[in-house]
Amino acid sequence: MSEQAYIDIVGVTKRFAGGVKAVDNANLGIKRGEFFSLLGPSGCGKTTLLRMIAGFEFPSEGEIRIDGQNVEGVAANYRPTNMVFQSYAIFPHLNVRDNVAYGLRKDRLSRSELNKRVDEALNMVKLQGFGARQSSQLSGGQRQRVALARALIKRPKVLLLDEPLSALDKKLREEMQFELRQLQQNVGITFVFVTHDQEEALSLSDRVAVMFSGKILQVAGARQLYESPSSRAVADFIGSINFFPGVVKGIEGQEIVVEAEGLGLLRAPIAAGTGGASFKPGSAILVAIRPEKLSLSVEPPPGNAITVKGTVLTSAYLGDRSHYHVRIPGREAPVAVSGTQSARSLDVLHAHGTDIYLSVSGSSVILLPPD
Amino acid sequence: MSSERKAAARQRRGVWALGAFAILYLVFLYLPVLFLPLFSFNDSRFIAFPLQGFTLAWYEEMLADDAMLNALGNSLQVGISVAILSTILGLLGAKAVTRYAMPGKEAITAFIMLPLFIPEIILGISILILWSALDFPLSLMTVAMGHTLICVPFAMAVLTSRLDGFDQSLEEASLDLGENAWMTFWRVTFPLVMPGIASSLLLTFIVSFDEFLIAFFLSGTEPTLPVFMWSELRFPSKLPRMLALGALILLASCVLVVFAEWLRRRGVSDAERGGGYGIT
Amino acid sequence: MTATTSSDVRAPTHRFGALSRLLQRSEAAQGYALLSPVMIIMFAVLAAPLVLLALYSLWTQVGFTVDRTFTLDRYADAFTRDTYRELFLRTLWVSSLVTITTVLIAYPVAYYVVFHVKRNKFVWLVLLTIPFWTSYLLRIFAWKIVLGYGGVINASLMRVGIIDAPLEFLLYNPTAVVITLAHAYATFAILPIYVSLEKIDRSLLEAAADLGDGPWRRFWRITLPLSMPGVIAAAVVIFVPTTGDYVTPALLGGPKGVMIANMIQLQFGKINDWPMGAALAMSSIAMVAIITVFFVWALRYATGRIR
């Protein structure tokens, strides 16, 4: 792919028995030192792709290059990658120290050198003094740290992480996310991280590949994925969003005019178009608006924002923000709106049945190709 | 209120009756067998109450019986080779069944378990026919092959349950950390499966050591211990020393079984602790 | 950073030959390779002998040689001669009786251990397992000591003068065979039933109670149907081998307690008519298979009707 890619995935397809394509013609370049995530719902092929990089599965078609060399037929134990397994795979018959030292046995280090390396690795994951613990005595978070230390002690060029945080509770997970990011910055190696948790992927990664039924839909940074998703599927999977099917009416200067369900005629900058949406008059287009880009007001808002009248169906108070469902004429599905509570509010702002104005600035809408 | 209390009391009586029944069942299970050691110390050639006093004479007589010792040696020889062979076969089979997706797996497993569902006499005579058709002389080896047939299902069952609780990513982790397939087997698989292997060895040994009917058809001129005992049971004068022998065999199998069971359970709980996601 | 001489991937790709690559890629091939030693043994000592047995049953014994023209005469004999027919019927009758008594006795014990033993469960389990592994021959032999003419019961009763002659009904008849077999196969029944009871999710029973069922109804509608696989397994594991039991009838059955296995052994031993023995063996396999399948189906059907 690109010149500086460290891992190149070129046209990789993986077929399992029965002809199911777990990974379908994937193309990807992962740079050296990057924190890269594979994000998608379970069964989308992200773990299979990771396991092909690790050498536990082999592509049915296409090739994987690591550091420019095709790794076809190279077994896992000869690749410069190490893995943190979803189950952690801590050897139950070994204590923490022996688990961490496992991969160094082959290197025939002196005892003092070995001890030094193990201590370093344990320090790195904040498990000093845990060396003699039996693996059965470890908590979930500690097991995860052991798995990390055991992989990092091999000084891999790439660390592969298969949903390493999914078994942890929420609080611990957030803590570990922060630590993982720090760890990656400290050791400076490439992390390839598999997750189904979009927040986790967006907050940790330099770049994210969104996968859906075996295909890579979009590879981009967090901001771009959220603000300029390239397809309906990506927009839908990342965050919540309202879709309004519409038709292009024409282009006027730097703006395109669209007629959309429930919104009527609206104008949006050409830059709002993404994913190769066609602006030819008469072609179908999908107007997508994130709930927090919409605002509610009792009086019609000043200025030239896109504005429609509607009625509040439900409202939910969530502390830092409130969620509303608003019914607008000409559209069956209610519109989801998320408003922040910037000022302290003790009263119900918009109760059920309130008539309100719904508005959004033209530059906040996303114009997508229809499906 | 009182009807509820009555119902509770009735239920308690029911549980008590069940418990009593279970105890009686244990008595039924063990009492006849316990007569063997009891009368083996009885100072009389007749097996009858009241007891006549304590003696070790029958044990001495038994130990002086060369034919018996010879049969014992034969049984040990057969039992040990059968245990090793069927455990190796069972280990390979269990690994295939638990680890690899392949068409026809259920049919193959059913076929391997089949000997447990065929009366031993049928197995005995059909194998006898095979060897005679091939003009192959009967020997301890033919006995051992017959025993392997009925021991492999046991070995497979023990080892399959052991390997089932085994997290495959442990082996992958080892490969990932740079070890090759052999070293992975030696450093990870073997130590974790060891308790299962040990209990499989013990159980298959016991099955072979105790087996009578197949050996009866296939042993030729070299009897195993059960075949020897069978031929001796006809002579009343030899009954007391058979009692002594039986008592010793019972004792030995009990010890081995308890040990094997302990190993197996310990192994299972190890696998549960280590193989799961271990969140505390 | 394109490929350089100092690539991070150290392994030369030619480490893997075409064969090992095939093995590495095809799971099924690896699985079959691991299974092949077992399968070779199984075919050699199970499948081939059974085929030979079937062939033998179609041949004829002439003096010391075997006439290899196919004939169904042996089967005709097996089904028409009174001796054989009586043996078959007795065998099926004794085995059925043993199966039913054993399961009926074992079920409450397994139930007790699963639901009411709290602390010493492991001890109970080991106590129930040990007889499974102790010498079958010795357990049968123990009953001979208990029931025999000079055995514990008779000799003791005679010595204290309650009876003058041995009680004949204790030994050498089908009853003695049933008692002894029920004892010998006891643990075969306990273990499968125990496992199936243990697997029942307790919250199902709580749900049934919550919906208004009393203890008996709960047992009948929840516990019994869910433990039925264990009962069926126990019944099969007892019925099939007892139909081929040789030791017990020979030791305790007397002439009136002889079963089909003893006749098969005679054909292969003293009588030396292997084809006849093979035909008897094949017929008994067929009969047992048919009865077992029917029995399993009937039990499943009956449980399926419980609502």
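Do we have A:Ile251 as at pLDDT 90 or above, farther than 26 Å from A:Ile9 by Cβ and either open to solvent by 20 Å² or more (accessible area, probe 1.4 Å) or not aliphatic (A, V, I, L, M) (or both) here?
No, not satisfied.
Return yes when B:Phe49 is hydrophobic (A, V, I, L, M, F, W, C) and either within 8 Å of chain C (Cβ to nearest Cβ) or surrounded by fewer than 15 Cβ atoms within 10 Å (Cβ to Cβ) (or both) and no when it is not.
yes
Give the residues of the range B:111-127 that are among the hydrophobic types (A, V, I, L, M, F, W, C) and either open to solvent by 60 Å² or more (accessible area, probe 1.4 Å) or within 7 Å of chain C (Cβ to nearest Cβ) (or both), sorted by residue number.
Listed by number, the residues that qualify are B:Phe111, B:Ile112, B:Leu114, B:Leu116, B:Phe117, B:Ile121, B:Ile122, B:Ile125, B:Ile127.
Using the structure shown, decide if A:Leu296 is touching a residue at least 24 places away in the same chain (Cβ under 8 Å), out of contact with any Ser or Thr (no Cβ under 6 Å at 6 or more places or on another chain) and crowded, with 19+ Cβ neighbours inside 10 Å.
It is true that A:Leu296 is touching a residue at least 24 places away in the same chain (Cβ under 8 Å), out of contact with any Ser or Thr (no Cβ under 6 Å at 6 or more places or on another chain) and crowded, with 19+ Cβ neighbours inside 10 Å.
Quick check: is even one residue across the range A:100-123 within 12 Å of another protein chain (Cβ to nearest Cβ), touching a residue at least 12 places away in the same chain (Cβ under 8 Å) and of a type in the set (Phe, Trp, Tyr)?
Yes - at least one qualifying residue is present in the range A:100-123.
Evaluate the range C:185-192: report whether one residue or more is crowded, with 21+ Cβ neighbours inside 10 Å, β-branched (Val, Ile, Thr) and within 24 Å of B:Pro240 (Cα to Cα).
no
Taking the criterion of being in contact with a Phe, Trp or Tyr (Cβ under 6 Å, 6 or more places away or on another chain) and part of a helix (DSSP H, G or I), would at least one residue in the range C:168-181 satisfy it?
So far as the range C:168-181 goes, yes, one or more of its residues are in contact with a Phe, Trp or Tyr (Cβ under 6 Å, 6 or more places away or on another chain) and part of a helix (DSSP H, G or I).
Quick test for you: out of C:Ile153, C:Ile145, pick the one residue that is open to solvent by 30 Å² or more (accessible area, probe 1.4 Å) and within 11 Å of another protein chain (Cβ to nearest Cβ).
After applying the criteria, what remains is C:Ile153.
Looking only at residues in the range A:114-131 that are over 34 Å from the mean Cα position of the chain (by Cα) and assigned to a helix (DSSP H, G or I), which one is surrounded by the most Cβ atoms within 10 Å (Cβ to Cβ)?
Residue satisfying both the conditions and the ranking: A:Leu114.
Which ones in the range A:303-321 are in contact with a His (Cβ under 8 Å, 6 or more places away or on another chain) and crowded, with 17+ Cβ neighbours inside 10 Å?
A:Val312, A:Ser315
Looking only at the range A:42-76, how many residues end up being assigned to a strand (DSSP E or B) and either surrounded by fewer than 22 Cβ atoms within 10 Å (Cβ to Cβ) or acidic (Asp, Glu) (or both)?
Here the count works out to 6.
Identify all residues within the range A:132-152 that are open to solvent by 10 Å² or more (accessible area, probe 1.4 Å) and more than 24 Å from the chain's Cα centre (by Cα); write none if there are none.
A:Ala132, A:Arg133, A:Gln134, A:Ser136, A:Gln137, A:Ser139, A:Gln142, listed by residue number.
Residues are listed down the side, and each one gets a yes or a no for (1) within 13 Å of chain C (Cβ to nearest Cβ); (2) without any contact (Cβ under 8 Å) to a residue 40 or more places away in the chain:
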| site | (1), (2) |
| --- | --- |
| B:Tyr59 | no, no |
| B:Ala64 | no, yes |
| B:Gly79 | yes, no |
| B:Gly146 | yes, no |
| B:Val152 | yes, no |
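In the range C:79-117, what residues are loosely packed, with under 15 Cβ neighbours inside 10 Å, of a type outside the set (A, V, I, L, M) and either within 11 Å of chain B (Cβ to nearest Cβ) or assigned to a helix (DSSP H, G or I) (or both)?
Hits for the range C:79-117 are C:Phe79, C:Thr80, C:Asp82, C:Thr83, C:Arg85, C:Glu86, C:Trp93, C:His116.
I'm checking my understanding of the structure. Among residues of the range A:1-23 that are in contact (Cβ under 8 Å) with a residue 60 or more places away in the chain and more than 22 Å from A:Gly68 (Cα to Cα), which one is most open to solvent (accessible area, probe 1.4 Å)?
A:Lys21
From (1) in contact (Cβ under 8 Å) with a residue 24 or more places away in the chain; (2) under 14 Å from A:Ile7 (Cα atoms); (3) crowded, with 24+ Cβ neighbours inside 10 Å, pick out the condition that doesn't hold for A:Leu39.
A:Leu39 satisfies all of (1) in contact (Cβ under 8 Å) with a residue 24 or more places away in the chain; (2) under 14 Å from A:Ile7 (Cα atoms); (3) crowded, with 24+ Cβ neighbours inside 10 Å except (2).
Those residues that are under 20 Å from B:Trp131 (Cα atoms) and either outside any helix (DSSP H, G or I) or modelled with pLDDT under 90 (or both), I need them from the range B:196-215; list them, please.
B:Glu211, B:Phe212 - these are the residues of the range B:196-215 that are under 20 Å from B:Trp131 (Cα atoms) and either outside any helix (DSSP H, G or I) or modelled with pLDDT under 90 (or both).
So for the range C:207-215 (the condition being touching a residue at least 24 places away in the same chain (Cβ under 8 Å) and either open to solvent by less than 60 Å² (accessible area, probe 1.4 Å) or part of a helix (DSSP H, G or I) (or both)), does at least one residue qualify?
no
Kindly indicate whether any position in the range A:83-94 is part of a helix (DSSP H, G or I) and free of Cβ contacts under 8 Å to residues at least 60 places away in the same chain.
no
When you check C:Pro174 against the structure, is it farther than 30 Å from C:Tyr112 by Cα, of a type outside the set (Gly, Ala, Ser) and touching a residue at least 40 places away in the same chain (Cβ under 8 Å), yes or no?
Yes; evaluated as a whole, the condition is true for this residue.
Going residue by residue through the range A:212-225, is there one that turns out to be at pLDDT below 90 and either surrounded by 20 or more Cβ atoms within 10 Å (Cβ to Cβ) or farther than 30 Å from A:Asn27 by Cα (or both)?
no
Out of the residues in the range B:1-46 that are surrounded by fewer than 17 Cβ atoms within 10 Å (Cβ to Cβ) and not in a helix (DSSP H, G or I), state the one that is modelled with the lowest pLDDT.
Only one residue tops the list, namely B:Met1.
Quick test for you: out of B:Leu116, B:Leu149, B:Leu138, pick the one residue that is aliphatic (A, V, I, L, M) and over 17 Å from the mean Cα position of the chain (by Cα).
The match here is B:Leu138.
How many residues does the range A:153-167 hold that are open to solvent by less than 10 Å² (accessible area, probe 1.4 Å) and under 18 Å from A:Val96 (Cβ atoms)?
Number of matching residues: 2.
Name the residues in the range A:102-113 that are under 22 Å from B:Asp176 (Cβ atoms) and open to solvent by 80 Å² or more (accessible area, probe 1.4 Å), would you?
Correct list: A:Arg105, A:Lys106, A:Arg108.
The values are calculated or read from the model by the stated rules, or taken from the named source; none is laboratory data. In this text, all values refer to a predicted model and were calculated from it rather than measured experimentally. Ideal geometry is used to build each Cβ from the backbone, glycine not excepted, and the neighbour counts take in all protein chains shown. Surface areas here come from the heavy atoms of the whole protein model, side chains and all, with no ligands, DNA or RNA. Shrake-Rupley method; radii C 1.70, N 1.55, O 1.52, S 1.80 Å.
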